[in-house]
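Worksheet for the structure shown next.
The values are calculated or read from the model by the stated rules, or taken from the named source; none is laboratory data. Since the model is a prediction, treat every value here as computed from it, not as a measurement. Don't worry about glycine lacking a Cβ; one is built from the backbone with ideal geometry, like all the others, and counts go over all protein chains shown. Calculation scope for accessible area: heavy atoms of the full protein, side chains included, ligands and nucleic acids excluded. Shrake-Rupley method; radii C 1.70, N 1.55, O 1.52, S 1.80 Å.
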Amino acid sequence: PPKSQAEARKNNMKRVEANDPVAMCQMGRRRYSEGDYDGAFEYFSKAAALGDIVAHNNLSVMYQKGEGVEKDDKKAVHHLEQAAIGGHPKARHNLGVIEKENGRDNSAVKQW
């Protein structure tokens with residue numbers, strides 16, 4: 001295990017440079033928590049392109065809220081669907097809620 005925060009960040013950057021989607025998603029969360037939405041979007045997008053379902057879920061939230069990107073419900077749902085297809089439980093629930101709100105009860109039930 002790393003002996004300091006600096007060492008942990010250095011190790012994480014090595015993993016990011018090696019195209020590790022989990023490390024990219026972690027970096028995105030760090031940027032997001034610091035209010036750097038552009039940086040978060042960049043890392044989440046790279047991780048999502050590599051199939052990371054947590055990154056897809058996080059991108060969905062950013063598009064829903066318009067944080068670092070223009071608010072876009074279609075893109076939000078797209079990323080939510082990708083996360084749900086990958087098995088992300090919160091994404092499945094949230095997608096079910098959206099389906100229910102849009103009168104698609106049969107689709108909603110499949111998500112829950």
Against the longest principal axis of the chain, how steep is helix 73-85, in degrees 0 to 90 to the nearest 10, with axes from Cα atoms?
80 degrees
Work out from phi, with θ = phi - 60° and the Karplus expression 6.51 cos²θ - 1.76 cosθ + 1.60, the ³J(HN,Hα) of each residue of the stretch 39-53, listed in order in whole Hz, and give x for Gly and Pro.
x, 4, 4, 4, 5, 4, 5, 5, 5, 5, 4, 8, x, 6, 6
Using alpha-carbon coordinates, inclination of helix 89-101 to the longest axis of the chain, degrees:
30 degrees
Could you tell me what % of all Cα pairs in the chain have separations over 17 Å?
56 percent
Would you mind telling me the share, in percent, of accessible area of the stretch 45-112 contributed by carbon and sulfur at probe 1.4 angstrom?
49 percent
What full-extension length gain, to one decimal in nm, is calculated for LYS3 and ASP72 as 0.36 nm per residue of separation minus the Cα-Cα distance?
20.7 nm
Accessible solvent surface per residue of the chain, calculated while the other protein chains remain in place, 1.4 angstrom probe, Å²
62 Å²
Run through the stretch 6-112 and list the GluC sites (Glu not before Pro) located in a DSSP loop whose Cβ has at most 14 other Cβ atoms within 10 Å.
GLU34, GLU70
